[in-house]
Structures are given as C-alpha cells and as structure tokens.
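All remarks here apply to the structure that follows.
The values are calculated or read from the model by the stated rules, or taken from the named source; none is laboratory data. Please read all numbers here as calculations on a predicted model, not as lab measurements. Cβ sites come from the backbone with ideal geometry, for glycine too, and all protein chains shown count toward neighbours.
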Amino acid sequence: MRAEELRRSSSASSGGEGGMRRTNYLRDMSAPGIFYTLHPNLLIGLYRAMDVFWTLRARDARRSGEEIGFYEFGLFQGFSFWYANNLAYEMGMSMEFHGFDSFQGLPPSEVDIHRNWAPGNYACSLEQVQDSLTKWGMPLKFHLHRGWYSKQLFSTVAKRHALPVAGIALIDCDLYESAREVLSFLETLMAKNTILMFDDYNAFGGDSNHG
Ligand SMILES: C[S@@+](CC[C@H](N)C(=O)[O-])C[C@H]1O[C@@H](n2cnc3c(N)ncnc32)[C@H](O)[C@@H]1O
C-alpha cells in the first residue's frame with residue numbers, strides 16, 4: 001500500500017455515515033516500503049516536546065556547551081527517531097541521538113495482552129533501520145544500540161559512549177516490563193527539565209501497571 005492510499009484509508013477510518021471503519025494500523029504500518037508509521041498524535045507530541053524543551057533549556061545548555069541527548073526506546077523502522085532528528089535540526093538544536101531496540105520486535109509480556117503486541121511484532125533489522133535513516137537523512141549525530149532492555153545492555157552502552165544527559169526521552173516500547181527497565185536506566189540520565197514521553201501511556205486507559 002502506498003503512502004497516499006494509507007492516508008486515504010486512515011482518513012476513511014474517521015467515520016461518516018454507516019459507522020466507523022477501523023484501520024488495522026499494524027498491517028498498514030508493516031506494508032513493505034512504507035516508512036511513515038506513527039499516529040499523528042505522537043508527531044504533534046514530539047513537536048511540542050521539542051518546542052517546550054527548546055524554550056526551557058536548550059539555549060542555556062548551548063551557551064554552557066553541555067551535550068544533550070535525545071533517547072528513544074522502541075524504534076521499529078526508525079520513523080519517530082528520524083522525525084525527531086530532523087525536527088531538532090530544523091529548530092536549530094544540537095542534540096545527540098541514541099536509539100535502543102532489540103531489532104527483533106517485541107518480547108513476550110506477562111501483563112500486557114494487546115491485539116497488536118504479540119512477541120515479534122514490529123520487528124525490523126538494524127540494517128533496515130540504518131538503510132532507511134540513511135535514505136531519508138539524519139542531520140544530527142546518532143547511534144543505534146541493539147539488544148533486549150536490561151541492566152547489562154544499558155551498562156555496556158554506557159561504558160562505550162559518554163552518554164549525554166537526557167533532554168527528551170521517547171518511550172515507545174509498548175510493554176510494561178520493557179518500560180520498567182528503560183525507566184530505571186533513565187534515572188541515571190535525568191536532569192533538570194528532562195521531558196519523558198510515553199507513546200503507550202493510554203493504551204490501557206492510563207493504567208499505571210500496563211503499557
Ligand atoms: C511500536 S514499536 C516502536 C515504533 C517506533 N517508535 C516508530 O517510529 O514507528 C515498539 C518497538 O519496541 C521494541 N521493544 C519493545 N520492548 C523491547 C525490549 N524489551 N527490548 C528491546 N526492544 C524492545 C520493539 O522491538 C519495537 O521495535
């Protein structure tokens with residue numbers, strides 16, 4: 001399905017006479033050749049986070065020369081990572097981007113049973129993500145880190161890289177267990193005005209034990 005058809009099918013799902021037709025986003029997102037994967041709410045959220053962050057902190061940090069990181073947990077094909085990188089560049093921010101993923105899709109979950117979240121869903125290899133990012137362009141410096149979220153993965157990465165404090169962290173890894181590992185890692189990178197974004201915050205009606 002081409003991007004134009006995807007747009008048409010998404011807008012068709014917004015209702016009209018005869019009831020609402022639900023779009024199967026997972027099927028549409030996984031169609032070969034489509035890089036666009038996100039719900040517009042997250043795109044708008046990212047824009048707002050960048051805007052707020054820029055106002056609150058980035059100017060001062062730039063003056064003091066402090067490195068700032070954009071961290072993303074859950075890349076799939078890399079679309080939101082690409083979007084945030086280009087947005088930050090367009091807004092004149094200097095940020096270093098770090099993306100973490102298994103590149104094998106979702107792990108099993110004991111607690112989050114959701115029709116889109118079967119093990120292996122959203123699998124996309126690191127090489128494919130790298131190719132897309134190269135094709136569409138990443139103006140700001142970035143690193144991709146492969147592995148299942150765990151203390152061991154995060155400490156290995158932290159030994160290899162001088163990780164900057166987190167300016168914005170996008171947590172888009174769907175599952176409670178994954179988000180829990182990510183949050184304990186992020187504790188070490190939080191600074192004044194760090195913005196945490198949760199794509200799946202409302203997947204179970206805001207339940208703090210899910211999503
Ligand atoms: C919904 S997708 C991310 C969508 C992406 N932000 C985009 O722009 O389309 C969720 C991602 O989280 C990753 N993920 C979830 N739990 C993980 C874990 N415990 N370790 C590593 N990766 C994980 C999956 O591999 C998958 O790529």
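Annotations
One line per residue, one yes/no per condition, for (1) among the aliphatic types (A, V, I, L, M); (2) at pLDDT below 95:
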| position | (1), (2) |
| --- | --- |
| Glu90 | no, yes |
| Met93 | yes, yes |
| Glu96 | no, no |
| Gly99 | no, no |
| Asp112 | no, yes |
| Arg115 | no, yes |
| Pro119 | no, no |
| Ala123 | yes, no |
| Leu126 | yes, no |
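- One residue alone among Tyr71, Tyr149 is near the ligand (Cβ under 10 Å from one of its atoms) and closer than 28 Å to Ile34 by Cβ, and that residue is Tyr149.
- Count - residues of region 165-174 that are closer than 27 Å to Ala123 by Cβ and more than 8 Å from the ligand (Cβ to nearest atom): 4
- Residue pairs whose Cβ atoms lie under 9 Å apart, separated by 6 or more positions or on different chains, with the first residue in region 189-211 and of a type in the set (D, E, K, R) and the second more than 15 Å from the ligand (Cβ to nearest atom) and not in a strand (DSSP E or B), are Lys192/Leu56; Lys192/Arg57.
- Residues of region 125-145 that are under 19 Å from Asp174 (Cβ atoms) and either under 15 Å from the mean Cα position of the chain (by Cα) or more than 14 Å from the ligand (Cβ to nearest atom) (or both): Leu126, Val129, Leu144, His145.
Residues are listed down the side, and each one gets a yes or a no for (1) of a type outside the set (Ser, Thr, Tyr); (2) away from the ligand (no atom under 16 Å from the Cβ); (3) more than 20 Å from Phe76 (Cβ to Cβ):
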| position | (1), (2), (3) |
| --- | --- |
| Ala123 | yes, no, no |
| Leu163 | yes, yes, yes |
| Tyr176 | no, no, no |
| Leu189 | yes, yes, yes |
